[in-house]
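First the structure, in the form of structure tokens, and then the observations on it.
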Amino acid sequence: MVEKRRGRSSVSGDRGLAEESRAEIEALREEHRVLLKELRRLDKSLARLSLERAEAAAVIPVLESLHALLADRIHPHMLRERRTLRPLLRRSGLSREREIRTIIAGDDGVEKECRQLKRALQQLKRETDEREAIRRVIAIGEGIIEVIIEHVHREEQVLFPRLEENLPSASSRPPRA
């Protein structure tokens, strides 16, 4: 009788954990939708500024907005992903798969890119050859956006579905004795 109760509580605990994990993944997906919308808006602005051969005074605010998005929203989002996803990946065994490890490692590059963008912005503000500096900083910004969008798509298309496949289903029933 005790074993049966333990088994049931374990299964219902697994189901509760699975539902909680699904809710956390869905919350991350919603954050992705919001972040992608903002990234695409900034990307369009940078593309327009590049085509217009805009002056630094027009380019700097857009790049500062990108830097703020990286520092204030994307970096905290990635920290939430680490706290949420890494334990799930370990429990499921998916953390040993090369493709999954590659996706997770993509998060680590954002901090470096954020610093690179900040340095490039500072350099642009004091640059004498403004045209080349503008072109270079816009390219850095567009590259960062491209990498993040690609990373989000890989999480959405590979990582999240694989995790969800490995969670106990909501219809799991405890074994009958």
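Quick notes
- Restricting Leu121, Leu70, Leu66, Leu89 to residues that are farther than 25 Å from Arg29 by Cβ and part of a helix (DSSP H, G or I) narrows the list to Leu121.
- If the condition is being outside any loop (DSSP other than H, G, I, E, B) and either within 16 Å of the chain's Cα centre (by Cα) or at pLDDT below 90 (or both), then the stretch 163-176 contributes Leu163, Asn166.
- Among residues of the stretch 124-138, those that are out of contact with any Leu (no Cβ under 9 Å at 6 or more places or on another chain) and either of a type in the set (A, V, I, L, M) or part of a helix (DSSP H, G or I) (or both), counted: 5
- Residue identified as small (Gly, Ala, Ser) and surrounded by 19 or more Cβ atoms within 10 Å (Cβ to Cβ) among Ala71, Ala120, Ala139: Ala120
- Only listed residue being of a type in the set (A, V, I, L, M, F, W, C), within 16 Å of the chain's Cα centre (by Cα) and at pLDDT 90 or above, chosen from Ile140, Ile148, Ile104, Ile134: Ile148
- Pairs with Cβ under 9 Å, 6+ apart, first in the stretch 141-154 and farther than 14 Å from Arg41 by Cα, second of a type in the set (S, T, N, Q) and assigned to a helix (DSSP H, G or I): Arg154/Thr102
The values are calculated or read from the model by the stated rules, or taken from the named source; none is laboratory data. None of these values were measured; they are calculated from a predicted model. Positions of Cβ are backbone-derived with ideal geometry, glycine not excepted, and every protein chain shown enters the neighbour counts.
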